[in-house]
Amino acid sequence: MSSAVCRWLLLCSLSVLGARAGGEGGKYSRDKNENRPEGVEFRIQKLNQVWEKAQRLQLSSVKLAEIHSDLKIQEKDELNWKKLKAEGLDDDGEKEAKLRRSLNVILAKYGLDGKKQTQTEENNYIKDGTENDVLNDPRLEKLWNKAKSSGKFSEEELDNLWREFLHHKEKTNEYNILMDTVTRTEEVHKNVINPDEHELKPDFLHSKHADLKEKLHSINHGFERLRKLSHEGYAGGRDFTEPRVNDLWDMAKTANFSDTELESFKDELKHFETKVEKHQHYQKQLEISHEKLKHVVETGDKEHIQKSKVKHNALTEKIKEMGYKVKKHLQDLSSRISKNGLSHNEL
């Protein structure tokens, strides 16, 4: 058999295999989305595109590690959804819509949604605590100024309080993003040519507004906490110092836990807070490492640069892994509280 014929037969075989793979999997095939090539971060193509865009924007090392953790959580949720979809367990599209909203929040949070950023974001870290404009809320600025001038806080307590203010601002931003996403979804539905073909089912709408209601409850409760702290200081012993853990504890106390379950949950929150504090410690180390690397690069010492890059990359990978575990644990704890039912009498 001639070599030309052999090549022709080989090409035919490859074409048949390619067509078969495309017909079986299409856009969301296991081969395309789950068997990722070496060096590709995520098994879902659109998440890789988000990750590549984040890198092109040259976000800080800490923010890159943070968005990597968020995308890993998103990837896990999306892969789980695909399994449910294949089993016919998301007929109303509720879980799919929630995943879209979650991705939109990630895009907006890191400035990847195409909208011009008009403010300086400060996540996770306490700066000097003097730039009120970072709060972007007159009510928060007023409370912060009152707390600073009250004389009721030590320097460490002011740092903790500042972190709580930034956390509250972050929660408010996420609520606004989610509200915008839900509003746009409903507007699109109103403007389609045949609304009946794109019906928004009552259960689906209820789910979206339940998400908003729960976030608003947390924001209102958080603001009241900040108001009280700013006026009274940290009176007596505190259960927790980490804002996210305080949020979980406050929600848990209004959920339908028995006394024994609540005490057990409190113990778990203590372990979680330790994990969060360890993660924050390594984030600060990454910031220091990033500055050192920039300094070493300026020296031009190739051997020193290579060693510094290896250390920096190892620390980055460690923080990515820790960040994923912290956010997954936070997600699991929040889910447990939700399953036990939250009281929304305050709304």
Set K46, K76, K53: member being open to solvent by 60 Å² or more (accessible area, probe 1.4 Å), modelled with pLDDT of 85 or more, within 30 Å of A314 (Cβ to Cβ) and in contact with a Lys or Arg (Cβ under 9 Å, 6 or more places away or on another chain): K76
Those residues of region 79-99 which are open to solvent by 50 Å² or more (accessible area, probe 1.4 Å), within 21 Å of L178 (Cα to Cα) and without any contact (Cβ under 8 Å) to a residue 24 or more places away in the chain amount to K95, E96
Can you name every residue in region 227-274 that is over 30 Å from S150 (Cβ atoms) and open to solvent by less than 80 Å² (accessible area, probe 1.4 Å)? A255, F257, S258, L262, S264, F265, D267, E268, F272
Is it true that S308 is touching a strand residue (DSSP E or B) at 6+ places or on another chain (Cβ under 8 Å) and either modelled with pLDDT of 95 or more or open to solvent by less than 40 Å² (accessible area, probe 1.4 Å) (or both)? no
Which pairs do you get when a residue that is farther than 21 Å from M179 by Cβ, found in region 217-229, comes within reach of a residue that is open to solvent by 20 Å² or more (accessible area, probe 1.4 Å), reach meaning Cβ atoms under 8 angstrom, with the pair 6+ apart or on two chains? R225/D250
So H279, is it open to solvent by 30 Å² or more (accessible area, probe 1.4 Å), in a helix (DSSP H, G or I), on the phi < 0 side of the Ramachandran plot and touching a helix residue (DSSP H, G or I) at 6+ places or on another chain (Cβ under 6 Å): no
Check L107, L59, L64 and return the single one that is in contact (Cβ under 8 Å) with a residue 40 or more places away in the chain and either exposed (fewer than 15 other Cβ atoms within 10 Å of the Cβ) or not in a helix (DSSP H, G or I) (or both). L59
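Run down N176, N220 and say which single residue is surrounded by fewer than 17 Cβ atoms within 10 Å (Cβ to Cβ), modelled with pLDDT of 75 or more and closer than 18 Å to S338 by Cα. Break it down into steps so the answer makes sense when it comes.
Numbers: N176 fails: closer than 18 Å to S338 by Cα.
It is N220.
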Give me the pairs, please: first residue somewhere in region 266-280 and acidic (D, E), second residue anywhere and open to solvent by less than 90 Å² (accessible area, probe 1.4 Å) and modelled with pLDDT under 95, beta-carbon distance under 7 Å, and either six or more positions apart or on two chains. E273/F240; E273/E242; E273/V245; E277/E242
So, first residue in contact (Cβ under 8 Å) with a residue 12 or more places away in the chain in region 234-261, second residue in a loop (DSSP other than H, G, I, E, B) and polar (S, T, N, Q), Cβ within less than 6 Å, six or more apart or across chains; the pairs are T254/S343; A255/N340; N256/N340; F257/N340
Test set (1) in contact (Cβ under 8 Å) with a residue 12 or more places away in the chain; (2) surrounded by 14 or more Cβ atoms within 10 Å (Cβ to Cβ); (3) farther than 24 Å from L64 by Cβ - Y324 fails condition number: (3)
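Every residue, every condition in (1) assigned to a helix (DSSP H, G or I); (2) farther than 19 Å from P243 by Cβ; (3) modelled with pLDDT of 90 or more, yes or no:
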{"residue": "E303", "(1), (2), (3)": "yes, yes, no"}
{"residue": "G323", "(1), (2), (3)": "yes, no, yes"}
{"residue": "I337", "(1), (2), (3)": "yes, no, no"}
{"residue": "H344", "(1), (2), (3)": "no, yes, no"}
Write out, first by first residue and then by second, each pair whose Cβ atoms fall under 6 Å of each other, whose residues are 6+ apart or on separate chains, and whose first residue, in region 135-150, is touching a residue at least 40 places away in the same chain (Cβ under 8 Å) and of a type in the set (V, I, T) while the second is assigned to a helix (DSSP H, G or I) and surrounded by fewer than 21 Cβ atoms within 10 Å (Cβ to Cβ). none
List the residue pairs whose Cβ atoms are under 8 Å apart, where the first residue sits in region 35-48 and is among the basic types (K, R), the second is open to solvent by less than 80 Å² (accessible area, probe 1.4 Å) and modelled with pLDDT under 65, and the two are 6 or more positions apart or on different chains. R43/N33; R43/E34
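The values are calculated or read from the model by the stated rules, or taken from the named source; none is laboratory data. Nothing here was measured: the structure is a model prediction, and the numbers come from that model. Reconstructed Cβ throughout: ideal geometry from the backbone, glycine too, with neighbour counts over all protein chains shown. These accessible areas exclude ligands, DNA and RNA; they are computed on the full protein's heavy atoms, side chains included. Shrake-Rupley method; radii C 1.70, N 1.55, O 1.52, S 1.80 Å.
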